[in-house]
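Below is one structure, written out as structure tokens; comments come after it.
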Ligand SMILES: *Cc1c(COP(=O)(O)O)cnc(C)c1O
């Protein structure tokens, strides 16, 4: 089966991991800070804390933002469930706001309409790698006195009005799962504009442990002493995986170019397939495309999904609207709340897209679609 997404691991990646395995530090060693430093080249210098996965990155970001019971988080339902579920883990109430019809990103006007006096975070998603409308969302967040969060699990390497994803929101989260734009097997990161918030993120991912002598409440106990001031979890990313991430980062520019080429090729080769709507791109963004999400019209998505899978082409659907998950139904969320997102879900199909996809593989995908819809 041709997958819809796949990692790209080369001999340098393997050598970097092996070298770290032979060294002194498998975790909490020098590769962690080095990977964080390297990531800053992709966030326009904004500080980064690496964590164990993208879900942990979201949980850490909400914790660092100070999300507590009674707070509200406004987000879009067109995302992976973790964007919302980790806010609920912090005790927040999640308020869903609808998406733009064409990009499937959080609609700033809908976000504005969802804001209340309790809104603490507005969380946008860079769906498929296409950055959300950050200048507009910034106004909404500032007016609400809320922090702006970007779930950029799809979008490391993308830019918006010439600025890097990672520098656009108060908090940005990344995932390094194998299907994403770069991988550490499992891994993730939080970028934060405010160094105080970044420090809270670093504490949260490390059990909340305070070791700095000048910050201890009881500084004279002895050299072994450390303290917990706020609860945290163990969301650390080990050195072995940070070494893999550093090696992968060297290739991120190349991954982005190949993804860009493949997207241009899909645009061209699928332009005349009837009943298909292709993804759009705003003039002011330069996406590192993670997905190629087409829309299958006329109620034929399920048929196309099944026939593509039967032909050995691993298409995917991204995503079921978050509040359709039974756990949200049980909390009282009802279908119909975000019609654009629901219509998008009903039509969406992600075609294979990853750096090692060959032109021949892609031709096969295109031929199968022509055959089914042509
Ligand atoms: C992948 C993903 C996550 C979660 O990342 P993991 O590393 O799989 O935990 C969160 N949000 C979005 C939009 C994602 O695509």
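Computed from the coordinates by the stated procedures, all read-outs in this text should not be read as laboratory data. Being a predicted model, the structure only gives us computed values, none of them experimental. Backbone-built Cβ (ideal geometry, glycine too); neighbour counts: all protein chains shown.
Each label point was placed 7 Å from the Cα along the Cα-to-Cβ direction; for residue 212 and residue 363 their separation is 5.9 nm. Of all DSSP beta bridges confined to the stretch 11-249, the antiparallel ones make up roughly 50%. The fewest-to-most ranking of 308, 337, 209 by surrounding Cβ atoms within 10 Å reads 209, 337, 308. Histogrammed with a bin width of 5 Å, the alpha carbon distances of the stretch 252-373 distribute as 2, 10, 19, 21, 18, 13, 9, 5, 2, 0 percent, first bin at zero.
As an exercise, take the mean of 1/r over every pair of distinct alpha carbons in the stretch 320-374, invert it, and state the Kirkwood radius in angstroms. Please report the intermediate quantities before stating the final value.
Values: mean 1/r = 0.0714 Å⁻¹.
Result for the stretch 320-374 stands at 14.0 Å.
Would you mind ranking 328, 231 so that the residue whose beta carbon has the fewest other beta carbons within 10 Å leads the list? Numbers along the way, then the final one.
Numbers: 328 20, 231 10.
Placing the least packed residue first, the sequence is 231, 328.
With the helix formula -39500 (n - 2.57) applied to DSSP H stretches of n ≥ 4, the chain reaches a computed 222 nm mean residue ellipticity of -11000 deg cm²/dmol. Taking the average, over residues, of other Cβ atoms within 10 Å as the packing measure, peptides 254-267, 339-352, 358-371 rank 339-352, 254-267, 358-371 from highest down. Judged by the mean number of other Cβ atoms found within 10 Å, the most tightly packed of the peptides 45-57, 271-283, 84-96 leads the ranking 45-57, 84-96, 271-283. Which shape class, rounded, prolate or oblate, goes with the chain when its Cα gyration tensor gives a ≥ b ≥ c as root eigenvalues, a/c under 1.5 marks rounded, and past that a/b bigger than b/c marks prolate? The shape class here is oblate. Checking the a/c ratio against 1.5 first, then a/b against b/c, what shape does the Cα gyration tensor give for the stretch 73-152? Oblate shape, in that a/c is at least 1.5 and b/c is the bigger or equal ratio. One chain, two ends: residue 329 and residue 143. Fully extended at 0.36 nm per residue, the span grows by 63.9 nm beyond their Cα-Cα distance. For the peptides 141-153, 31-43, residues were scored by their other Cβ atoms within 10 Å and the scores averaged per peptide; the highest-first order is 141-153, 31-43.
Please report 205, 307 as a ranked list, fewest other C-beta atoms within 10 angstrom at the top and most at the bottom.
Numbers: 205 26, 307 17.
In increasing order of surrounding Cβ atoms, one gets 307, 205.
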